[in-house]
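Inspection log for the structure reproduced underneath, given as C-alpha cells.
No lab work stands behind these numbers, since they all come straight from the coordinates. In this text the structure is predicted, and so the values were computed from the model without any measurement. Every residue, glycine among them, receives a Cβ derived from its backbone with ideal geometry; neighbour counts consider all protein chains shown.
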Amino acid sequence: MAAERDEGKRLAYRNILLNAVRDARQSYDETLRFLRVLEQLQPEHVEVLRAYAAEPAESNTLIGGSRRHTLGNRLPEMPAEHVDDLVVQLEDLRLTTGSLQGMVTGPSAVDLRPLITPFGRRFLMYVVDAE
C-alpha cells in the first residue's frame, strides 16, 4: 500500500483504513474485502465507476436508449472494447451488475447508478470520493 504509485489509490487506502478505525460498526471482513478489491483496481476502473455514478443527464426520449451508448459517451477517450473489458472486471468484483446491452427506456438508459451493487456503492464512498 505504501508503495502505491497512484495518488488516488493511496487516498482510497487511507479512507478505508481510517473509517475502519473510526467506526467500530464497520465490519472487519468488509474492510478486508474493500482492501482486496482496491488492490485489483487500476485508475481506468475508477474512471468507469465514476461514469456509472454520474448524475444522469436529461433523457431526450422516453422511447428508448442504450446504457452502453451512455457509458461510451461518458468515456469518449476509451475504446469501446476496452470499456467492455473493464465493465466485465467490475462485475466480477461485484461492484456493478446488470447488462449494458439492449434497449431500455430513455430515463433508464441515462441513469447507470442502479447498476452499482450495494457493495459497490459502499466501496465508491472510499474510492471515487478519495480523488
Relative to the chain, whose Cα atoms define the longest principal axis, helix 43-53 and its Cα axis are tilted in degrees, nearest 10, by 60
The chain - convex hull of alpha carbons, volume per residue in Å³ | 109
If you line up the long axis of helix 118-127 against the longest principal axis of the chain, both from Cα atoms, how many degrees apart are they, to the nearest 10?
-> 60
Is it possible to state the helix-based mean residue ellipticity at 222 nm for the chain, with each DSSP H run of 4+ residues giving -39500 (n - 2.57), the sum divided by total residues, to the nearest 500 deg cm²/dmol? What is it?
-> -17500 deg cm²/dmol
Towards the positive end of the charge dipole of the chain, with charges on Cβ (+1 Lys, Arg; -1 Asp, Glu), say which of V87, P114, N19 has the farthest Cα.
-> N19
By how many degrees, 0 to 90 and rounded to 10, does the Cα axis of helix 80-92 deviate from the longest principal axis of the chain?
-> 50
Along the Cα-to-C-beta direction of H69, a point sits 7 Å from the Cα; which residues of segment 82-111 have their amide N less than 18 Å from that point?
-> 84, 99-111
Could you work out how far apart the two model spin labels at E30 and E44 are, taking each label as a point 7 Å from the Cα in the direction of the beta carbon, and quote it in nm?
-> 3.1
Quick one: if you stick a label point 7 Å off each Cα along the C-beta vector at R5 and H82, how many nm between them?
-> 1.5
